[in-house]
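The values are calculated or read from the model by the stated rules, or taken from the named source; none is laboratory data. Please read these numbers as outputs of a predicted model, since none were measured by experiment. FYI the Cβ positions are ideal-geometry reconstructions off the backbone, even for glycines, and counts take in every protein chain you see. Ligands, DNA and RNA are stripped out before the accessible areas are found, and what is left, the full protein with its side chains, is counted by its heavy atoms. Shrake-Rupley method; radii C 1.70, N 1.55, O 1.52, S 1.80 Å.
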Amino acid sequence: MEKNVRPFGMRDKIGYLFGDFGNDFTFIFASSFLMVFYTRVLGISGAAVGTLFVIARFVDAVTDVTMGRIVDMAKPTKDGKFKPWIMRMCGPVAISSFLIYQGGLANASMTVKIIYMYITYLLWGSVFYTSINIPYGSMAAAITPEASERASLSTYRNAGATLASLTIGVITPLIIYTSDSAGNQIIRSNYIFTIIAGVFSVLAVICYIICYRLCTERVRVEKEAPEKSSALKALLRIVKNRALWGIIIAAVFLLLSQLVIASMNNYLYPDYFRNASAISAFTLISSLVVLLIVTPLSVRLSAIFGKKELATVSMLFSGAVYLLLFFMKVKNEWLYLALSSIGYIGLGFFNAVIWANITDVTDYQEVMTYQREDGTVYAVYSFARKLGQALAGGIGGWALTIIGYDNTAPAQTPEVLNGLYTTSTLIPAICFILVAATLAFVYPLSKKRVLKNTEELKKRRGTETSA
């Protein structure tokens, strides 16, 4: 623990909140609306987009781990090991995100569109977003060594993501959609995505700067030269980390469910319910549920019951709600919106503690191996999240093609509409239940084990300091 540094407090929490706010101005925008841009503005098939998302994850398998090792082996600057990357990479992340959404390509040949789609998406997601997200996520363990304070950071990070979701999810549908003479929901113009992406990119940079200014790294674990190891050796050590495998499997199913909901809502509400404005209403209500109910309670409940225990029960709750929606075959958008927002309470509790779980996994790795590898552990987890994102995009895109969705038709057939509803409810329900099962039977870091690991590391570092 660094001496002569201001104590951990609200400044760090607010700063860390803004970090994920910045991340999600590009990440949530892409997760929720990139499929819509590719299919309905550029006219690319859902299957082709889904294939892009899967291929990109193979690239991420290299870039994520490489970035994690770069961060782990870097020497700390006066601002720490992780924080400097936020300032270095915030500009490239914002610019590359903006380049994706160029509506002027709508009349280009399909070959040009596909090539441009691959280049810009890989540049943003596999290179620049990776280079800022991995240091940002790893930084939580360096801000404080205390489990309760890390849980607080995780909650504030989730609040930042919720605020971004609220901003993007409420405003964007109201701007991009309009109605034709028959009442069908259509995209306002080819250039509306370009304008929105530009605004969000600027806001992302502002948020990153605030994060950089307010957060302080306090825990600095120096690696001596003899202990430096290759990425392969680090990965071999991490492969033995059961906690990391547990949280990875849970994360894949969580992202799959969450992003299928987000992406399919852009088809479910405009086509099935014929009310695109309900997308904004859903985002508003579900975000307020997280901010007003989940955020105030998550730290307290996780302290009482444990993060693993809280997340397991919350995922079972969300799974039950979405399974109920599937069997009900709801026809009224407001009833559907109300029930799905209730289901988001469970999802919100899991998201509120997930980032603290990652720091727990990093501690677990150090207890087992005597090696501190924040960047590599977070990189592997980040890759898993991207895998979940890719599977969501892939399943969403492939499902659109399988059910026969026609992105040129003003209205869809009843069979297609039924397929949209099934994809939007049954897939998330199954995935939520699988998350709960993974946490219960695979992930080993109960409340008791986390506290034991924290005390063990304090003891080791106290011995090293006194020596």
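For the reader, a short list of remarks on this structure follows.
- Contour minus Cα-Cα distance for ALA48 and LEU297 (0.36 nm per residue): 85.4 nm
- The percentage of C-alpha pairs in the chain whose separation is greater than 43 Å is 12%.
- Here the accessible area is traced with a 1.4 Å probe on the protein chains. For the stretch 319-434, carbon and sulfur cover 71 percent of it.
- Overall dimensions of the stretch 2-80 by Cα: Rg and Dmax, Å: 18.9, 58
- FRET efficiency, GLU146 to VAL62 (Cβ-Cβ, R0 45 Å, nearest 0.05): 0.85
- Förster-model FRET efficiency, 51 Å R0, ASP406 and ARG213, C-beta, rounded to 0.05: 0.55
- Stretching the chain fully between PHE305 and LEU426 yields a gain of 40.6 nm (0.36 nm per residue, less the alpha carbon separation).
- Distance between the 7 Å Cα→Cβ label points at LEU105 and SER189: 2.0 nm.
- The residues of the chain have, on average, 38 Å² of accessible surface per residue, using a 1.4 Å probe with all protein chains present.
- Cβ-placed point charges (K, R +1; D, E -1), dipole of the stretch 332-467 about Cα centre in debye, nearest 20: 620
- This model, with +1 at the C-beta of Lys and Arg and -1 at the C-beta of Asp and Glu, gives the stretch 1-106 a dipole about its Cα centre of some 380 debye.
- Solvent accessible area, Å² - ASP64, 1.4 Å probe, full protein context: 0
- Normalised by residue count, the stretch 325-386 yields a Cα convex hull volume of 112 Å³ per residue.
- The trypsin sites (Lys or Arg not before Pro) of the stretch 1-108 meeting both criteria, a DSSP state outside H, G, I, E and B (loop) and at most 11 other C-beta atoms within 10 angstrom of the site's C-beta, are LYS3, LYS78.
- Fraction of accessible area attributable to carbon and sulfur, the stretch 151-222 (%, probe 1.4 Å): 65
- Filter on LYS75/LYS459; LYS81/LYS458; LYS308/LYS386; LYS78/LYS386; LYS307/LYS459; LYS78/LYS308 - keep pairs with C-alpha separation over 28 Å: LYS78/LYS386; LYS78/LYS308
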